[in-house]
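**Q** Okay, handing you the structure first.
Values quoted throughout were computed directly from the atomic coordinates according to the rules given, and no laboratory measurement underlies them. This is a predicted model, so every value here is computed, not measured. Here Cβ is always computed from backbone atoms with ideal geometry, including for glycine, and neighbour counts include all displayed protein chains.
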Amino acid sequence: MSKLAILGPSKNKIGYSTKRLIEEGKKVFKGCKLVPLIDVQLKIEKGLDVIYDGEKLAKFDYILPRIDSSRAEIGYPIIRFLDDIDIKKPYPAESILIAHNKFLSLEEFAKKGVPVPKTLLISSKNVAKNILKKQKYPIVIKLLSSFGGQGVVVTKNKETAQNIIETMKTMKQEILIEEFIENPGEDIRGIVAGDDIIASFKRVAKPGESRANVKVGGKAVPFKLTEQMEDIVFRCAEALKSKVCAVDLIDGKKGLYVIEANLNPGIEGMEKATNLNVAGRIIEFCKNDMKK
């Protein structure tokens, strides 16, 4: 049996998803170890080494990264080293740059013919204010690095939008101004692992809330993707250059749109909504991908 490293949070910050992946990983791999990103050493000396607790990560047969936006800056150089020493994993370092920049990910999706909302990237407060005068409301305003529904605001008028821009620019954040896709307060998520969509569900926003994320009170319910949705989800995974990811869609009045994708999807809501062993399916993919 082989060895798996799960590259992610510190041991005192392990959440549901990481715990489940470790639990399932121990059933399939001879060794399954959590490797906190913060404790990894990168060494250059007549070659490259990635080291944790005195052990070279090159000794592992497969590495499953759990790198969210808060750990992307630390995770990127580590994954680059792992690319250079050719260790099996579901995605290269480039995927981190794309996935954790909402504008770059939408750009890559559009290049693959994936339907995305009309989106503007704004760095200047003055430019933003001029653009807001020409928008049809409501609109969506996002921080470039937002995740989990945080840093995302739907605003119905220019005055409120300008106040939001003022606040966000005070925090020196780049901003996305995005077309609002009219929908019944629902979004749809599919999780890809290799050539399969291993689970999917629908998230329904709580009354009075436009965001359907479970972290902000959304309710997760089972949902089977249509063939069109599956095609879009696979194209997004290809755009991210990742074999494992989650893709979020909105089925609006004008059709399907992708709103974002996630290299580090939480699986708690998915497992509870579907009664599927999502962690087990991801680990099974890792075992099979290791052999290719």
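**Q** Which residue, A237, A128, A199, has the most motion in a Gaussian network model of the chain that connects Cα atoms within less than 10 Å?
**A** Between A237, A128, A199, it is A128 that shows the largest mean-square fluctuation.
**Q** Apply the Karplus parameterisation 6.51 cos²θ - 1.76 cosθ + 1.60, with θ equal to phi minus 60°, to every residue of segment 90-97 and state each ³J(HN,Hα) to the nearest whole Hz, in sequence, with x for glycine and proline.
**A** Computed from phi, the couplings for segment 90-97 are x, 7, x, 4, 4, 4, 5, 4 Hz.
**Q** 5 Å is the cut-off here: which amide hydrogens, built 1.01 Å from N in the peptide plane, fall below it relative to L7, excluding neighbours closer than 5 in sequence?
**A** The answer is V35, L64, R66.
**Q** Right, here's the next one. Among the listed pairs K118/K202; K111/K158; K26/K88; K46/K241; K134/K219; K129/K206, which have their C-alpha atoms separated by more than 28 angstrom in this model? Walk me through the numbers on the way to the answer.
**A** Details: K118/K202 23 Å; K111/K158 31 Å; K26/K88 18 Å; K46/K241 30 Å; K134/K219 35 Å; K129/K206 31 Å.
From the list (K118/K202; K111/K158; K26/K88; K46/K241; K134/K219; K129/K206), the Cα-Cα distance tops 28 Å for K111/K158; K46/K241; K134/K219; K129/K206.
**Q** Something else about it: Using Cα positions and a limit of under 17 Å, work out the lysines in reach of K27, with same-chain residues fewer than 8 apart set aside.
**A** Straight-line reach from K27, under 17 Å: K3, K19, K287.
**Q** Tell me, how many Å apart are the Cα centres for segment 231-292 and for segment 31-72?
**A** 24 Å
**Q** Follow-up question, since we're still on this one. Please work out, to two decimal places, the log10 of the ratio I(q)/I(0) at q = 0.15, 0.18, 0.22, 0.32 Å⁻¹ from a Debye calculation in which every Cα of segment 98-142 carries one identical scatterer.
**A** -0.47, -0.65, -0.87, -1.15
**Q** Find the eigenvalues of the gyration tensor of the Cα atoms of the chain, then list the square roots of 5 times those eigenvalues as equivalent ellipsoid semi-axes, largest first, in whole angstrom.
**A** For the chain, the semi-axes come out at 34, 22, 16 Å.
**Q** For segment 1-136, calculate the relative contact order in percent as a whole number, restricting contacts to Cα pairs under 8 Å that are 6 or more residues apart. Walk me through the intermediate numbers first.
**A** Numbers: 157 pairs, mean separation 28.0, N = 136.
The normalised contact order for segment 1-136 reaches 21 percent.
**Q** Hey, what number do you get for the chain at 222 nm if only DSSP H runs of n ≥ 4 count, each worth -39500 (n - 2.57), divided across all residues, to the nearest 500?
**A** Numbers: 9 runs with 98 residues, N = 292.
After summing the helix terms and dividing by residue count, I get -10000 deg cm²/dmol.
**Q** Something else now. Along the principal axes of its C-alpha atoms, what lengths does segment 53-167 span, in descending order and rounded to whole Å?
**A** The Cα atoms of segment 53-167 stretch 57, 33, 22 Å along the principal axes, largest first.
**Q** Next up: In the Gaussian network model of the chain, springs joining C-alpha atoms below 10 Å, which of K46, K254, K129 carries the largest mean-square fluctuation?
**A** K46
**Q** What size of dipole, in debye to the nearest 20, comes out for the chain about its Cα centre when the only charges are +1 on Lys and Arg C-beta atoms and -1 on Asp and Glu C-beta atoms?
**A** Numbers: 50 positive and 38 negative charges, 100 e Å.
I would put it at about 480 debye.
**Q** For the chain, modelled as a GNM with alpha-carbon contacts under 10 angstrom, which of Q228, Q135, Q41 fluctuates the most?
**A** Q228
**Q** For the chain, what relative contact order do you get, as a whole percent, if you take Cα pairs closer than 8 Å and at least 6 residues apart?
**A** On the way: 545 pairs, mean separation 55.6, N = 292.
Over the chain, the number comes to 19 percent.
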